[in-house]
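Okay, so here's the structure we're looking at.
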Amino acid sequence: MGYARKVPLERFESAIAKGFAKDKTLLVIDEVGKQSQWLQYYLEKYGYSNYFFLADGADHYTQE
């Protein structure tokens, strides 16, 4: 079982560069889905391969 954590982008970048949770599955959810593309390149640069992004961001799914 996993857990969720709200992490500021700068901290997330630093953790990825240090190899945090590299052996885990990551689900990345940003507010509007705009960070996904460049963040994917960043994850790949540091050797991550098991990650997913929530399409369209969290706002898309929380609107009524």
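Tabulated data for the structure shown
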read-out: Residues (of a type outside the set (A, V, I, L, M, F, W, C), over 11 Å from the mean Cα position of the chain (by Cα) and open to solvent by less than 100 Å² (accessible area, probe 1.4 Å)) located in the stretch 30-47; value: Glu44, Tyr46, Gly47
read-out: Selection from the stretch 14-44 of residues that are modelled with pLDDT of 90 or more, of a type outside the set (A, V, I, L, M, F, W, C) and touching a helix residue (DSSP H, G or I) at 6+ places or on another chain (Cβ under 7 Å); value: Tyr42
read-out: Scan of the stretch 1-12 for residues that are open to solvent by 90 Å² or more (accessible area, probe 1.4 Å) and either modelled with pLDDT of 90 or more or of a type outside the set (A, V, I, L, M, F, W, C) (or both), ordered by number; value: Tyr3, Arg5, Lys6, Glu10, Arg11
read-out: Residue identified as small (Gly, Ala, Ser) and assigned to a loop (DSSP other than H, G, I, E, B) among Ala15, Ala4; value: Ala4
read-out: Total residues in the stretch 13-29, condition open to solvent by less than 70 Å² (accessible area, probe 1.4 Å) and either farther than 24 Å from Tyr61 by Cβ or out of contact with any strand residue (DSSP E or B) (no Cβ under 8 Å at 6 or more places or on another chain) (or both); value: 7
read-out: Residue that is least open to solvent (accessible area, probe 1.4 Å), among those in the stretch 48-62 that are outside any loop (DSSP other than H, G, I, E, B) and among the small types (Gly, Ala, Ser); value: Gly57
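The values are calculated or read from the model by the stated rules, or taken from the named source; none is laboratory data. Only a predicted model underlies this, so the values are computations on that prediction, with no experimental measurement involved. A quick note on method: Cβ atoms are made from the backbone with ideal geometry, for glycine too, and the neighbour counts reach across all protein chains shown. Just so you know, the surface numbers come from the protein's heavy atoms only, side chains and all, with ligands and any DNA or RNA stripped out. Shrake-Rupley method; radii C 1.70, N 1.55, O 1.52, S 1.80 Å.
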